[in-house]
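To start, the structure under review is shown below, and the notes come after it.
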């Protein structure tokens, strides 16, 4: 069967390949999204001191190490049975808000956004941050660079390094904030808010006001009705750092609400032989295949779904934008996946406003940022979760009495979305590729846009290592009937 | 008019941190692209594999290759980029020494199928990913995993290395600026973007040549902010780590974890660290004892507080450790 290969996937984090099979009429027969990488964190952390997990799991991903660092630190709080003092908790959340601003900005301007800002059919050599700067000018381009720079400087001061922070400990954070740092944090937060509003304005002008893009967003090319997942606080408002994990069905009805410790009661994983990445799904609904709908256990955890599970947002400007967002789509959960780009910018604004709130909170300046654990290890293990920019992130550790890891399970942001990304790629290919129509490079890029909206982090997703594997090969005839099976154990 | 030299950045089995270190050049990126063309970098630009294959040998002036060699695909790309590049630089701890992914070598490749694909996963037919899979439409391939994780230099000739996990952006800038300047380059094989001595030389803490009675875990205490961490009994990799990062982690009250690899002249970073730990231990209570067994017990007891020396001391360059399994 003729096939078209996209290799490698670009403007994302990690390794991915798309194989598109065409039938005799040139229509799409099937699409496979393959993740060809894997490193094995869940194995090689066994034997390591538990307190090393925040700096080891950082290296799952150099784009979102802050997410792993905090999920790991929270899992350690649970594992060592120690509660961080309030100032430490607030510093962690402040640090995390700063990270969210810079990471979401990076995705919009550097990774996913160029498709809209420069255009999906623009020459490949222009579809990147440099093309964006050429299009929107050095004024805005300079602000993007300045945003990333000022936030990375803060991450360095609060966490030790701009990439791969070091400060997370069970029971706290390794450094306190000084009063003389407060004015700069507050000023940076205000600049972040202005930058977020500018970005939403740009989205309005360049995307929503462009009929072709608007139609694309509202079309069924990138539409999937699935369950939505996110983390909410006690008032059902989105929170990136902590809360309850909430799942709603395609119509918006609550399907689950749980503390991260119970994740295994709600999530199961499925293996396919053509990709190293597993497919999580909702255990109680069950796996029905790569299909939409209430009966299918496929779910997503993205900026879009996080807005779907939140009754409202906790900060005023972001809440206003959320109301406008919802009005555009007419109520209920939003399933038009390209709208994730818009949702991401609303989250950017919320993160900036939250950063300001925390920067102005006098309690964050308390010198008490550590509680020393007794050293006793929780026999039930430790679980910690946060919302990574790319989805709900859960770290689960078990350790021996000396605090060495005996077992680790990581359910990572993008992994939540593996099934829906595969479905999105297939749908986009089916709608865009037709017999007789030449497959232009821009068309293939429009198919890639179906994964880019998820801001995938495939290094994150493929932390696990299979080792030597028994081999089962199943041969099928063109009608799909099994003709022979070989096994090597 | 001469066209700009072509630059490529590619990731093997890494984490993308080196790509973000590149993006964190910030405004210097704008100046860089005046002088060089970033023609291939899957993180940031849309060039595909066929575009690289279509290049002439040596068409790329400079390739920064990060990540460790874990899979067959990683090795293929290392060979492909070596052919197409005049200069190939191993960027970051993974490419230079194996990095965090090479911690897998402490366990061996054979250990984990059960754990990942069967244990804790609904998998009634025991499906596992395969190097070749026949699906109804055709055959799909996945790259196999090598037995060991290797640094890039074990697979292709490397011209230079930039250590760090990731390399500090300021140092990365200095190296890139050197390459586009046209100035003569250091001798092949040099380690760039870092110092020749240890991280201790960059650390502002006070050293008083104290000896320690025993070692402490980071969560057990709030360290004195001025005094050397190692002298407080915290296992800080500083003495066994190449400088270049500015000793950032000690500046936030956490020990160095060795991400810049061994200093100049040291091959095995974890051996160097074990030797440092031995040197710093207070032997006064042991001095004068005759019984070898008792001496061994006492030393053991002091080192016992470090629950995993291999992992602590060999986190980033485990591929070089004498203790590695093959």
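The values are calculated or read from the model by the stated rules, or taken from the named source; none is laboratory data. The shown structure was predicted, so the numbers you read here are calculated from the model rather than taken from an experiment. Cβ: placed from backbone, ideal geometry, glycine included. Neighbour counts: every protein chain shown.
For every residue, the table says whether it meets (1) more than 14 Å from every other protein chain (Cβ to nearest Cβ); (2) out of contact with any strand residue (DSSP E or B) (no Cβ under 6 Å at 6 or more places or on another chain).
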position: A:282; (1), (2): no, no
position: A:287; (1), (2): no, no
position: A:290; (1), (2): no, yes
position: A:306; (1), (2): yes, no
position: A:310; (1), (2): yes, no
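Per the listing A:167, A:146, the residue uniquely surrounded by fewer than 18 Cβ atoms within 10 Å (Cβ to Cβ), at pLDDT 95 or above and at the interface with chain B (Cβ under 10 Å from one of its Cβ atoms) is A:146.
If we scan segment A:358-367, do we find a residue that is surrounded by fewer than 21 Cβ atoms within 10 Å (Cβ to Cβ), in contact with a strand residue (DSSP E or B) (Cβ under 9 Å, 6 or more places away or on another chain) and within 14 Å of chain B (Cβ to nearest Cβ)? Taking every residue of segment A:358-367 in turn, none turns out to be surrounded by fewer than 21 Cβ atoms within 10 Å (Cβ to Cβ), in contact with a strand residue (DSSP E or B) (Cβ under 9 Å, 6 or more places away or on another chain) and within 14 Å of chain B (Cβ to nearest Cβ). Residues in segment A:238-275 that are over 30 Å from residue A:89 (Cα atoms) and in contact with a strand residue (DSSP E or B) (Cβ under 8 Å, 6 or more places away or on another chain): A:249, A:250, A:268, A:269, A:270, A:271, A:272, A:273, A:274, A:275. Answer yes or no as to whether residue A:227 is free of Cβ contacts under 8 Å to residues at least 24 places away in the same chain and either farther than 29 Å from residue A:14 by Cα or more than 14 Å from chain B (Cβ to nearest Cβ) (or both). Here the answer is no, as residue A:227 does not meet what is asked. Only one of the numbered conditions (1) buried (at least 18 other Cβ atoms within 10 Å of the Cβ); (2) under 22 Å from residue A:212 (Cα atoms); (3) within 11 Å of chain B (Cβ to nearest Cβ) is violated by residue A:152, and that is (2).
Could you go through segment B:266-279 and let me know if any residue there is farther than 27 Å from residue A:46 by Cα, modelled with pLDDT of 90 or more and within 22 Å of the chain's Cα centre (by Cα). Within segment B:266-279 (the criterion being farther than 27 Å from residue A:46 by Cα, modelled with pLDDT of 90 or more and within 22 Å of the chain's Cα centre (by Cα)), the answer is yes, since at least one residue qualifies. If the condition is being within 22 Å of the chain's Cα centre (by Cα), within 14 Å of chain A (Cβ to nearest Cβ) and in a loop (DSSP other than H, G, I, E, B), then segment B:173-222 contributes only B:203. Does residue A:241 satisfy the criteria of being assigned to a helix (DSSP H, G or I) and either touching a residue at least 12 places away in the same chain (Cβ under 8 Å) or surrounded by 20 or more Cβ atoms within 10 Å (Cβ to Cβ) (or both)? No, not satisfied. Taking segment A:262-286, which residues are crowded, with 19+ Cβ neighbours inside 10 Å and assigned to a loop (DSSP other than H, G, I, E, B)? The answer is A:271, A:272, A:273, A:274, A:275, A:276, A:277, A:278, A:285.
Candidates are the residues of segment B:141-158 that are in a loop (DSSP other than H, G, I, E, B) and farther than 11 Å from residue B:91 by Cα; the one that is farthest from the other protein chains (Cβ to nearest Cβ) is B:157.
Scan segment B:276-305 residue by residue and report those that are in contact (Cβ under 8 Å) with a residue 24 or more places away in the chain and under 30 Å from residue B:164 (Cβ atoms). If the condition is that a residue be in contact (Cβ under 8 Å) with a residue 24 or more places away in the chain and under 30 Å from residue B:164 (Cβ atoms), then B:276, B:277, B:280, B:281, B:303, B:305 are the ones that fit. Residues being assigned to a helix (DSSP H, G or I), away from every other protein chain (no Cβ under 12 Å) and under 28 Å from residue A:342 (Cβ atoms) are entirely absent from segment A:120-130. Among the conditions (1) part of a helix (DSSP H, G or I); (2) within 24 Å of residue B:37 (Cβ to Cβ), the only one that residue B:161 does not satisfy is (1).
Kindly evaluate residue A:409 against the criterion of being within 13 Å of another protein chain (Cβ to nearest Cβ), over 21 Å from residue A:289 (Cβ atoms), in a helix (DSSP H, G or I) and at pLDDT 70 or above. Here the answer is no, as residue A:409 does not meet what is asked.
Residue-wise test of (1) under 26 Å from residue A:5 (Cβ atoms); (2) touching a residue at least 60 places away in the same chain (Cβ under 8 Å).
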| position | (1), (2) |
| --- | --- |
| B:43 | yes, no |
| B:53 | yes, no |
| B:63 | yes, no |
| B:81 | yes, yes |
| B:90 | no, yes |
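Looking across segment A:170-184, the residues that are more than 7 Å from every other protein chain (Cβ to nearest Cβ) and either more than 23 Å from residue B:170 (Cβ to Cβ) or touching a residue at least 60 places away in the same chain (Cβ under 8 Å) (or both) come down to A:172, A:173, A:176, A:177, A:178, A:179, A:180, A:182, A:183. Pick from segment A:434-461 the residues that are away from every other protein chain (no Cβ under 14 Å) and touching a strand residue (DSSP E or B) at 6+ places or on another chain (Cβ under 9 Å): which of them is surrounded by the most Cβ atoms within 10 Å (Cβ to Cβ)? Restricting to residues being away from every other protein chain (no Cβ under 14 Å) and touching a strand residue (DSSP E or B) at 6+ places or on another chain (Cβ under 9 Å), the top hit is A:454.
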